[in-house]
1. Would you mind stating whether residue 13 is surrounded by fewer than 20 Cβ atoms within 10 Å (Cβ to Cβ), farther than 30 Å from residue 205 by Cβ and touching a helix residue (DSSP H, G or I) at 6+ places or on another chain (Cβ under 6 Å)?
2. For the condition farther than 20 Å from residue 225 by Cα, at pLDDT 95 or above and surrounded by fewer than 19 Cβ atoms within 10 Å (Cβ to Cβ), what is the one hit in 100, 32, 92?
3. Looking at the range 1-30 only, could you name the residues that are outside any loop (DSSP other than H, G, I, E, B) and without any contact (Cβ under 8 Å) to a residue 24 or more places away in the chain?
4. Would you point out which residue out of 64, 27 is touching a helix residue (DSSP H, G or I) at 6+ places or on another chain (Cβ under 7 Å), more than 28 Å from residue 204 (Cα to Cα) and surrounded by fewer than 17 Cβ atoms within 10 Å (Cβ to Cβ)?
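The values are calculated or read from the model by the stated rules, or taken from the named source; none is laboratory data. The structure presented is a predicted model; accordingly, all values stated were derived computationally and were not measured. Ideal geometry is used to build each Cβ from the backbone, glycine not excepted, and the neighbour counts take in all protein chains shown.
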């Protein structure tokens, strides 16, 4: 059985039925699975999903303070820029293009550390990276951890129900997980520690990294704009942390056929290019599924890609040693052939003549 078929923890309702069709669990099944996996007391190996949502819950008080005490035109603007653009773009830069796809390489560990901590620490790398490899291997097929065809809740709660790594991997398979994560700089558990905690990352390191990251950024935001700015940006990060869990459902057209000719060139799955995620986070998702290892996904002139601008800037500054850019391939293999075919079809259309003169008897 291929490694990516079993590297994730299988939900109690399974991925597919005996005929190989996608299992679409009920709302009750999804919620039961979710809360059972959030209980670290019943099973300490549930600690990472619990930790992931604990950080979201810890951001809620900041959001409430922002709404009640610090709402003004400038805090709303700051929260919008931070929550919509900066957090989203950083997720694309770090978790998506670097940690998962290795689309670029840092010159040294210092720049990797800086990029990792450019924003508040919210999403655990381990939960994102391994499951995203599976997503690309099984996009919109049974086993895809956020298969949009199974419904909104299936995707929204996927980080708990479908994305954590399996808890009883062999040492050889765990070493394969380590190889997929090694370049991220997140230090791995030993195999014995993995057997104890059920995760790649050690909980004590994860908690310490979280505390240091949030403490640093709260101080920076406070010095820049007092508690008003700090609470506004922390609250915005919480809003993003919830909203980002809806992306794959929307990015794969809610499981429906919504691709448009001349816009979505990858026909192997249901991914689509969307204007808003593309502009604010560089997530031109159909383009990304065409060339997942590309450091740029905004190929056309109007496809703004802030994540790519950051990577390119880092390259110019010497912080990134090399990157992969598939723009030229996109034009050669997809866009120019599409234009040529479109123009050829226009030329082949017969010219219709209309004679307005009506001949009588």
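1. Spelling it out, residue 13 is indeed surrounded by fewer than 20 Cβ atoms within 10 Å (Cβ to Cβ), farther than 30 Å from residue 205 by Cβ and touching a helix residue (DSSP H, G or I) at 6+ places or on another chain (Cβ under 6 Å).
2. Sole residue among the options that is farther than 20 Å from residue 225 by Cα, at pLDDT 95 or above and surrounded by fewer than 19 Cβ atoms within 10 Å (Cβ to Cβ): 32.
3. Matches in the range 1-30: 28, 29.
4. Going through 64, 27 in turn, just one is touching a helix residue (DSSP H, G or I) at 6+ places or on another chain (Cβ under 7 Å), more than 28 Å from residue 204 (Cα to Cα) and surrounded by fewer than 17 Cβ atoms within 10 Å (Cβ to Cβ): 27.
Here is a yes/no grid of residues against (1) farther than 21 Å from residue 154 by Cβ; (2) part of a helix (DSSP H, G or I):
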site	(1), (2)
99	yes, yes
105	yes, no
110	yes, yes
114	yes, yes
122	yes, no
132	no, yes
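For (1) out of contact with any strand residue (DSSP E or B) (no Cβ under 9 Å at 6 or more places or on another chain); (2) surrounded by 18 or more Cβ atoms within 10 Å (Cβ to Cβ); (3) not in a helix (DSSP H, G or I), each residue gets a yes or a no:
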| site | (1), (2), (3) |
| --- | --- |
| 244 | yes, yes, no |
| 254 | yes, no, no |
| 286 | yes, yes, no |
| 311 | no, yes, no |
| 343 | yes, no, no |
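Quick grid of which residues meet (1) within 24 Å of residue 242 (Cβ to Cβ); (2) outside any loop (DSSP other than H, G, I, E, B):
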{"site": "154", "(1), (2)": "yes, yes"}
{"site": "160", "(1), (2)": "yes, yes"}
{"site": "163", "(1), (2)": "yes, no"}
{"site": "167", "(1), (2)": "no, no"}
{"site": "175", "(1), (2)": "no, yes"}
{"site": "179", "(1), (2)": "no, yes"}
{"site": "182", "(1), (2)": "no, yes"}
{"site": "194", "(1), (2)": "no, yes"}
